[in-house]
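The values are calculated or read from the model by the stated rules, or taken from the named source; none is laboratory data. Everything numeric in this text was worked out from a predicted model, so none of it was measured. Here the Cβ is made from the backbone with ideal geometry for all residues, glycine too, and neighbour counts use every protein chain on show.
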Amino acid sequence: MSASAFLLALAACHPKAAPTPPPTTPPPGVVTAELAPAPFTADELRQGSPVGRVMRYHVTTGSAGMTIEYRFIAADAVNATIRTTETPDGGGAGTTSDDVAAWADLAHHADSPAAATVIRDAEITVPAGTFPCKEYVVTATDGGVTRVTTSDFAVAMPGPPIKMTVTANGALETTLELVAYEGLVP
């Protein structure tokens, strides 16, 4: 799995290693001409992600796959500590890291340009179940390559998308799907 494709797949849901300075974009939920409305505010993420919440995903890029588990191990009004465990398909050594992220930064992971984003209601089925979602379809063209990223955010589960696909010129590059969750009621 290429590093750039893997990072693209996780951009909407992977915490940063440490808190960062306040974002220069408007607060989540504030609509501007430049940004599409965020799926969740920082407060919604904090309230929906108690200590003990676990989300387990399967990510496939090309023929390579892995399981990624996010576990909230500490939280306060400003930050969350998230333990991330990545295990490649077929076994092998995985990695685990603990990262601190500000709720406001996590809310901004889903920022997308308003002009390139279509938001619609959808009902999405993944291995973890079927969920009413807000589906964000973001289209961007760079260097002759048109990438379409479709991110499905479960309305009752503030956090990362339950499903995300990335295509390049119509060919599937990356898929992320929620396979299991604990610690919250959808």
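Within the range 44-58, the set of residues being crowded, with 17+ Cβ neighbours inside 10 Å and among the aliphatic types (A, V, I, L, M) comprises Leu45, Met55. Checking Ala110, Ala102 one by one, the residue that is touching a residue at least 24 places away in the same chain (Cβ under 8 Å) and within 23 Å of Ala156 (Cβ to Cβ) is Ala110 and no other. Reported count of residues in the range 61-112, each being under 24 Å from Tyr136 (Cα atoms) and loosely packed, with under 13 Cβ neighbours inside 10 Å, is 1.
The residue list Thr174, Thr125 contains one member that is buried (at least 18 other Cβ atoms within 10 Å of the Cβ), over 28 Å from Ala74 (Cβ atoms), at pLDDT 95 or above and hydroxyl-bearing (Ser, Thr, Tyr), which is Thr174. Only one entry of Ala180, Ala101 meets the criterion of being under 24 Å from Asp76 (Cβ atoms), out of contact with any helix residue (DSSP H, G or I) (no Cβ under 9 Å at 6 or more places or on another chain) and in a strand (DSSP E or B), and that entry is Ala101.
Would you say Met157 is touching a residue at least 40 places away in the same chain (Cβ under 8 Å), part of a loop (DSSP other than H, G, I, E, B) and among the hydrophobic types (A, V, I, L, M, F, W, C)? Let's see the steps before the verdict.
Details: touching a residue at least 40 places away in the same chain (Cβ under 8 Å): yes; part of a loop (DSSP other than H, G, I, E, B): yes; among the hydrophobic types (A, V, I, L, M, F, W, C): yes.
Criteria met by Met157.
Is it fair to say Ala80 is in contact with a Lys or Arg (Cβ under 6 Å, 6 or more places away or on another chain) and assigned to a strand (DSSP E or B)? No; evaluated as a whole, the condition is false for this residue. A residue that is more than 15 Å from the chain's Cα centre (by Cα), within 24 Å of Thr84 (Cβ to Cβ), modelled with pLDDT of 50 or more and surrounded by fewer than 18 Cβ atoms within 10 Å (Cβ to Cβ) occurs somewhere in the range 30-43.
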